[in-house]
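Take a look at the structure below.
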Amino acid sequence: MDFFIQNAYAEAGAAPDAGILNLIMLVVLFAVFYFLLIRPQTKRVKEHKQMVESLAKGDEIITGGGILGKIINLGDNYVTIEIAPNTQIKVQRQSVSTVIPKGTIKSTT
């Protein structure tokens, strides 16, 4: 626990490198957070944005709520999907979580 709170030493026993050691620990902690938390999250966000931009008419998708359907119309912010014969719903583009291979809907019914 010495690296969180510095001990109060007498003048003769003071460690001059204690400040540098604390700075190094802070840099290492930030690097660990960056590589374990921040970098993977930004990579996932970038992949999702690219997937949403590449949506096309006829793609089969799964929404964030678990609805399985086929895209029949695309707008700037909304996608119309057919979830059953003659049943269409409109969802936000950002709610699309996965594009699945074509023919998956027929194999599930």
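The values are calculated or read from the model by the stated rules, or taken from the named source; none is laboratory data. Just so we're clear, the structure is a prediction, and the values are computed from it rather than from any experiment. Because the Cβ atoms are built from the backbone with ideal geometry, glycine has one as well, and the counts that use them run over all protein chains shown.
Within the set of pairs 6+ apart or on separate chains, which have a first residue in the range 56-67 that is over 17 Å from Gln94 (Cβ atoms) and assigned by TED's automatic domain parsing to the domain that holds Ile83, a second that is part of a loop (DSSP other than H, G, I, E, B) and among the charged types (D, E, K, R), and C-beta atoms under 7 Å apart? Taking only residues 6 or more apart or on different chains, the pairs are Glu60/Lys102.
To keep it simple, each residue is scored yes or no on (1) among the polar types (S, T, N, Q); (2) farther than 30 Å from Ile5 by Cβ; (3) under 18 Å from the mean Cα position of the chain (by Cα).
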| residue | (1), (2), (3) |
| --- | --- |
| Gly19 | no, no, no |
| Arg39 | no, yes, yes |
| Ile67 | no, yes, no |
| Asn86 | yes, yes, no |
| Gln94 | yes, yes, yes |
| Gly103 | no, yes, no |
